[in-house]
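Working notes, structure below.
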Amino acid sequence: MTSSVTRSGGGPAVTVRRATARDAKRLTRLVRGSRAYEAPYAAMVAGYRVGPDYIEAHRVFAAVATADDRVLGFYSLVLAPPELDLMFVANDAQGLGIGRLLVAHMREQARAAGLDRVLVVSHPPAEGFYRSMGAVRTGTVPARPPAVAWDRPELVFQVSPTV
């Protein structure tokens, strides 16, 4: 499924499309360069890699600028168990509605797959965003040092069935 959205107010026209193995390096750069993972969170993404194998195994979608195919953000939906595994928006694309577009697209994908809910184990600074998009906090996932040195909020998106 490809979704196209034209932004008003000077933002780019954006297409959400299935990521391909050729996108792996660009998605990895987006993760590693994320300002959301600076300071105490930097170690979490320092060696992180979104490989072609990951892209092929999961439903990974990229929001790209229609004019030049620049990756503005992406997400990964794992179906079993249902989880929003990754979601990143490029630093210079934040505030343009890319995250909202990706969450709406993820919910459409989840609905089409017959899911009724999608779990999110959130990066702590992103909890407010997910809640603003309708996710409900259901608990806390404890830290697992050395990989994850902080507790993380657990949230759930309810997915309405198609009518």
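Results, tabulated for the structure shown:
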item	result
Tensor-based shape of region 74-146 (alpha-carbon gyration tensor, a/c under 1.5 rounded, otherwise prolate or oblate)	oblate
Accessible area (Å², per residue) of the chain, counting only protein heavy atoms and a probe of 1.4 Å	52
Whether region 119-163 is rounded, prolate or oblate, judged on the alpha carbon gyration tensor where a/c under 1.5 counts as rounded	prolate
Shape of region 4-87, Cα gyration tensor, a/c cut at 1.5	oblate
Accessible surface of the chain, 1.4 Å probe, proportion on carbon and sulfur as whole %	53
DSSP beta bridges in the chain [antiparallel fraction, %, rounded to 5]	95
Cβ charges +1 (Lys, Arg) and -1 (Asp, Glu), total dipole of the chain, debye	180
Longest DSSP-loop-exposure-free segment, trypsin sites (Lys or Arg not before Pro), the chain, at most 16 other Cβ within 10 Å	71-163
Listed peptides 86-98, 146-158 by packing density, highest first (mean Cβ within 10 Å)	86-98, 146-158
Label selected from [x] 17.4, 50; [y] 15.3, 45; [z] 15.3, 48, the criterion being Rg and Dmax of the Cα atoms in Å as computed here	[y]
Percentage relative contact order, the chain, counting C-alpha pairs under 8 Å, at least six apart	17
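The values are calculated or read from the model by the stated rules, or taken from the named source; none is laboratory data. Quick caveat: nothing in here was measured; it's all calculated off a predicted structure. Positions of Cβ are backbone-derived with ideal geometry, glycine not excepted, and every protein chain shown enters the neighbour counts. All accessible areas refer to the heavy atoms of the entire protein, side chains included, with ligands and DNA or RNA removed. Shrake-Rupley method; radii C 1.70, N 1.55, O 1.52, S 1.80 Å.
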